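Visitor: My questions will all concern the structure given below.
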Amino acid sequence: MFDMIIPAFLVGGTICVIGQLLMDLTKPSFTPAHVLVSFVSGGAILGALGLYEPLMKIGGAGASIPLSGFGYSLAKGAMEAVEKRGIMGAFSGGVEATAVGIAAAVFFGYLMSVTFKPKG
Amino acid sequence: MNLKRLGNQTVVFANPPVILSSYSVVGPKEGQGPLGKSFDKVWKDGINGEKSWEVAESKMLQEAMQGAMDQASIQKEQIDFMLAGDLLNQIISSNFTARQIALPFIGLYGACSTMALGLAVGSMLIDGGFAKKILVGVSSHHDTAERQFRLPTEQGSQRALSAQWTVTGAGSVLLSSSGVGPRITSATIGKVIDFAVKDVNNMGAAMAPAVADTILNHFQDIQLQPTDYSLIASGDLGGVGLGLACELLKQSGIDTGTNFTDCGVLIYDHTQDVHAGGSGCGCSSVVFAGDILQRIKAGELTKVMLVGSGALHSSTSALQGESIPGIGHAVVIEK
Amino acid sequence: MDDQSSPKPAIPVTPEKYQKLTEQYTPKPTVIKNVVLAFIVGGIICSIGQIIINLFISLGLARLEASTAATATMIFIGALLTGLGIYDEIGKFAGAGSIVPVTGFANSIVSPAMEFRREGYVMGVGAKLFTVAGPVLVYGIATSIVVGFAYYLLH
């Protein structure tokens with residue numbers, strides 16, 4: 001049950017530090033939304049170059065839970081689908097591989113938004 | 001024609017309008033702050049049982065304006081015009097308040113400078129002979145302003161250390177051509193000044209040059225010194241902007257001394273996690289309608305200059321990378 | 001009273017010089033403290049994710065499936081904590097530590113949507129769910145398609 005906890009902590013923490021440095025050392029117009037977008041695209045590009053796979057092996061959830069892991073899954077899905085289905089796979093693969101995450105985000109997001117009131 | 005204007009930007013009133021009464025309503029955070037006791041009413045929460053924060057803000061402004069009338073025992077029918085403003089798009093809080101109060105209405109937008117602007121314009125209308133009594137009201141609300149200008153309140157992000165906290169509060173002042181009370185003796189209308197600050201998390205820095213310019217012109221026009229005033233209060237530069245305004249005035253050859261302060265610095269203390277201080281047009285309006293007027297009436301202050309400072313940008317202009325234009329309006333109040 | 005002849009005083013500081021002054025007067029972010037907190041909180045969130053993965057594996061799921069299920073669970077937790085008004089309190093001190101994990105993605109979906117519920121269920125909640133999620137999906141999916149194309153051309 002407690003396998004991989006320490007690697008997950010170290011890798012996940014380090015990835016978050018990169019995000020913090022991006023926010024603190026760039027212009028103030030670099031908002032949390034910019035951080036998330038950079039991490040998704042960055043994760044996808046690193047995944048395509050084969051550089052994110054080792055992180056997943058070493059860090060487990062430390063690499064899959066940060067949003068760069070979402071980007072990695074998108075890229076990996078697209079490449080695997082191209083292997084199977086050719087060019088159409090480039091369009092279907094990414095979304096297929098991340099469908100559970102996207103659907104969960106939309107569904108739970110909607111559920112919570114209509115259940116709770118903001119406290120201000 | 002005998003102009004009442006003095007110098008370039010200042011008007012001096014021949015018959016200085018009287019502040020008959022004032023009323024302030026604030027949210028819980030402001031009530032817990034160092035000036036908590038000076039406010040007439042403190043709400044238990046920001047929504048006060050209304051269906052939205054926007055409706056709550058409008059109700060808060062109504063309470064403040066009604067409160068000012070009640071304090072002076074003046075009926076609505078005796079008032080010639082109401083002047084009001086707030087921060088929301090199309091100044092809806094003021095418009096909806098005006099719909100309820102149903103007085104001839106002049107809507108104002110001066111961002112956080114609106115209280116000073118309202119006092120200046122109201123005094124001109126009275127001294128010009130266009131009105132006998134004018135009701136000025138100004139509001140802002142933390143939760144309506146945050147989501148219009150910045151981020152949703154429940155978003156887990158870090159605020160910059162230079163960022164200010166929008167005050168939840170409404171202040172109202174009743175001006176009259178006759179009666180007993182502190183008088184507004186002069187006003188200096190500011191120019192829009194833009195020193196190319198683009199950071200929306202540092203509005204104090206964006207507004208400081210406008211405040212310094214207005215103060216500089218006021219002293220030039222009226223030929224007085226900072227020492228002729230018992231208090232000069234800007235509203236609301238916050239800690240960063242106040243330091244910058246003092247520095248700019250020093251470089252312009254004006255020693256601000258120790259009687260220069262800022263409403264945004266006064267309204268909260270360091271334990272309240274507001275970073276650079278308060279902002280929003282409710283801030284200077286409640287600090288003026290509460291603390292400052294009480295200290296004038298008590299004789300502790302004899303001559304006060306309130307310099308309202310506004311950041312005249314919008315969320316659209318900020319996203320398009322435009323810099324933030326600032327403005328400062330000064331009004332002088334004497335016992 | 002005269003009207004035209006008065007001198008017009010101006011602040012003797014150029015916008016360029018003012019920019020330097022502003023930097024001098026503006027407090028700098030406490031980078032070291034922020035980085036340490038981001039590391040600790042981000043690490044803890046990922047460790048919780050790992051525990052959930054391990055839990056799903058012990059329930060018989062394959063590693064990849066367990067990882068996907070854990071991501072969905074973390075999204076649920078992030079959304080719930082946002083609804084309860086807890087996540088923004090964590091974010092105040094954790095910074096990127098709570099923004100970068102997928103729980104932060106859930107927070108960025110729920111926080112605008114719940115705040116705009118008063119503007120209706122379609123144009124309020126429905127549209128605002130995607131205030132931040134929209135750009136993330138646009139750039140994420142677009143990047144994956146470009147990657148897929150490149151992969152197709154190279155193989």
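Visitor: Would you list A:Glu80, B:Glu63 from the most to the least accessible area, probe 1.4 Å?
Guide: A:Glu80, B:Glu63
Visitor: Using only Cα atoms, find the angle between the long axis of helix C:130-154 and the longest principal axis of chain C, and express it within 0 to 90 degrees, rounded to the nearest 10.
Guide: Helix C:130-154 sits roughly 60 degrees off the main axis of chain C.
Visitor: Classify segment A:20-71 as rounded, prolate or oblate from the Cα gyration tensor: take a ≥ b ≥ c as the square roots of its eigenvalues, call it rounded if a/c is under 1.5, otherwise prolate when a/b beats b/c and oblate if not.
Guide: prolate
Visitor: Over segment C:1-97, what is the mean sequence separation of C-alpha contacts under 8 Å (at least six apart), divided by residue count, expressed as relative contact order in percent?
Guide: Relative contact order for segment C:1-97 comes out at 36 percent.
Visitor: Using a 7 Å offset from the Cα along the Cα-to-Cβ direction at both A:Phe107 and C:Lys20, what is the distance between the two label points in nm, to one decimal?
Guide: 6.0
Visitor: Once you place label points 7 Å from the Cα toward the Cβ at C:Val36 and B:Gln294, how far apart are they in nm?
Guide: That separation, rounded to one decimal, is 4.1 nm.
Visitor: Taking the highest mean first, how do the peptides B:171-181, A:65-75, C:12-22, B:139-149 order by number of other beta carbon atoms within 10 angstrom per residue?
Guide: A:65-75, B:139-149, B:171-181, C:12-22
Visitor: How would you classify the protein assembly as shown from its alpha-carbon gyration tensor, with a ≥ b ≥ c the square roots of the eigenvalues: rounded for a/c under 1.5, else prolate if a/b is greater than b/c, otherwise oblate?
Guide: It comes out prolate by the Cα gyration axes.
Visitor: Using +1 at the C-beta of Lys and Arg and -1 at the C-beta of Asp and Glu, which of A:Gly86, B:Met60, C:Val36 has the Cα lying farthest in the positive direction of the dipole of the protein assembly as shown?
Guide: My answer, from the dipole projection, is A:Gly86.
Visitor: Interface size between chain C and chain A, please: total buried accessible area, 1.4 Å probe, rounded to the nearest 100 Å².
Guide: Chains C and A together bury approximately 5800 Å².
Visitor: Relative to the present Cα-Cα distance, how much length would full extension add between B:Arg99 and B:Gln78 at 0.36 nm per residue of separation?
Guide: 5.8 nm
Visitor: Then there's this: Once both labels are modelled 7 Å past Cα along the beta-carbon direction, what's the C:Glu89-A:Thr115 spacing in nm?
Guide: Computed distance between label sites C:Glu89 and A:Thr115 equals 1.8 nm.
Visitor: Arrange the residues B:Ile267, C:Ile32, C:Ile145 by how much accessible surface each exposes, largest first, with a 1.4 angstrom probe.
Guide: The most accessible residue leads, giving C:Ile32, C:Ile145, B:Ile267.
Visitor: Nothing charged except the Cβ atoms of Lys and Arg (+1) and of Asp and Glu (-1): what's the magnitude of the dipole of the protein assembly as shown about its Cα centre? Round to the nearest 20 debye.
Guide: 340
Visitor: Grab the other residues whose beta carbon is less than 14 angstrom from that of B:Val136, score K and R as +1, D and E as -1, and report the net.
Guide: Neighbourhood net charge equals -1.
Visitor: With a probe of 1.4 Å, find how much accessible area segment C:30-154 has per residue, and write the answer as a whole number in Å².
Guide: 40
Visitor: Provide the packing ranking of B:296-302, B:243-249, i.e. peptides ordered by the mean count of other C-beta atoms within 10 Å per residue, highest first.
Guide: Output ranking for B:296-302, B:243-249: B:243-249, B:296-302.
Visitor: To the nearest 10 square angstrom, what accessible area does C:Leu84 show with a 1.4 Å probe?
Guide: Its heavy atoms expose roughly 80 Å² to the probe.
Visitor: Considering only protein heavy atoms and a probe of 1.4 Å, how much of the accessible area of chain B is carbon and sulfur, as a whole percent?
Guide: 52
Visitor: Hey, another quick one. From the cross-link list B:Lys51/B:Lys198; B:Lys29/B:Lys303; B:Lys76/B:Lys335; B:Lys297/C:Lys28; B:Lys198/C:Lys8; A:Lys76/C:Lys33, which pairs have alpha carbons spaced over 31 Å apart?
Guide: B:Lys51/B:Lys198; B:Lys297/C:Lys28; A:Lys76/C:Lys33
Visitor: With every protein chain kept in place and ligands, DNA and RNA left out, what is the accessible area per residue of segment B:22-163? Probe 1.4 Å, answer in Å².
Guide: Using a 1.4 Å probe on heavy atoms only, each residue of segment B:22-163 averages 38 Å².
Visitor: Counting DSSP beta bridges in the protein assembly as shown, what percent are antiparallel, to the nearest 5?
Guide: 65
Visitor: Related question: Net charge near A:Ser73, counting Lys/Arg +1 and Asp/Glu -1 over other residues with Cβ under 12 Å of its Cβ?
Guide: So the environment of A:Ser73 carries a net charge of -2.
Visitor: Just checking the output field for C:12-19: average partner chain Cβ neighbours within 10 Å of each residue's Cβ?
Guide: That works out to 5 on average.
Visitor: Around B:Gln294, under 13 Å between beta carbons, what's the net of Lys plus Arg minus Asp minus Glu among the other residues?
Guide: Once all neighbours under 13 Å are counted, the net charge is +1.
Visitor: Round to the nearest 0.05 the FRET efficiency obtained for C:Met123 and B:Phe130 when R0 = 41 Å and r is the Cβ-Cβ distance.
Guide: In this case the efficiency is close to 0.40.
Visitor: Suppose R0 equals 22 Å; then what is the FRET efficiency for B:Asn89 and B:Asn48 from their Cβ-Cβ distance, rounded to the nearest 0.05?
Guide: Once rounded, the FRET efficiency stands at 0.50.
Visitor: Would you give the gap between the C-alpha center of segment C:77-155 and the C-alpha center of segment B:169-210, rounded to a whole Å?
Guide: Cα centres, segment C:77-155 to segment B:169-210: 39 Å.
Visitor: Positive end of the charge dipole of chain C (Lys, Arg +1 and Asp, Glu -1 on Cβ, about the Cα centre): tell me which of C:Thr71, C:Ala10, C:Pro135 has its Cα farthest that way.
Guide: Working it through, the farthest residue towards the positive pole turns out to be C:Thr71.
Visitor: Could you compute how much accessible surface A:Met56 exposes when probed at 1.4 Å, giving the result in Å² to the nearest 10?
Guide: Rounded to the nearest 10, that gives 50 Å².
Visitor: Considering protein heavy atoms only and a 1.4 Å probe radius, which residues within segment C:21-40 exhibit an accessible-area decrease of no less than 30 Å² in the full assembly relative to the chain by itself?
Guide: The answer is C:Leu21, C:Thr22, C:Tyr25, C:Thr26, C:Pro27, C:Pro29, C:Val31, C:Asn34, C:Val35, C:Phe39.
Visitor: Determine the shape class of segment B:17-176: with a ≥ b ≥ c the square roots of the Cα gyration tensor eigenvalues, call it rounded for a/c under 1.5, and otherwise prolate if a/b is greater than b/c, oblate otherwise.
Guide: Verdict is prolate for segment B:17-176.
Visitor: Report the accessible surface area buried between chains C and B, summing both sides, using a 1.4 Å probe on protein heavy atoms only, in Å² rounded to the nearest 100.
Guide: Counting both chains, the buried surface is close to 3600 Å².
The values are calculated or read from the model by the stated rules, or taken from the named source; none is laboratory data. Since the model is a prediction, treat every value here as computed from it, not as a measurement. Virtual Cβ from ideal backbone geometry, glycine too; neighbours counted across all protein chains shown. Surface accessibility is based on the protein's heavy atoms, side chains included, excluding ligands, DNA and RNA. Shrake-Rupley method; radii C 1.70, N 1.55, O 1.52, S 1.80 Å.
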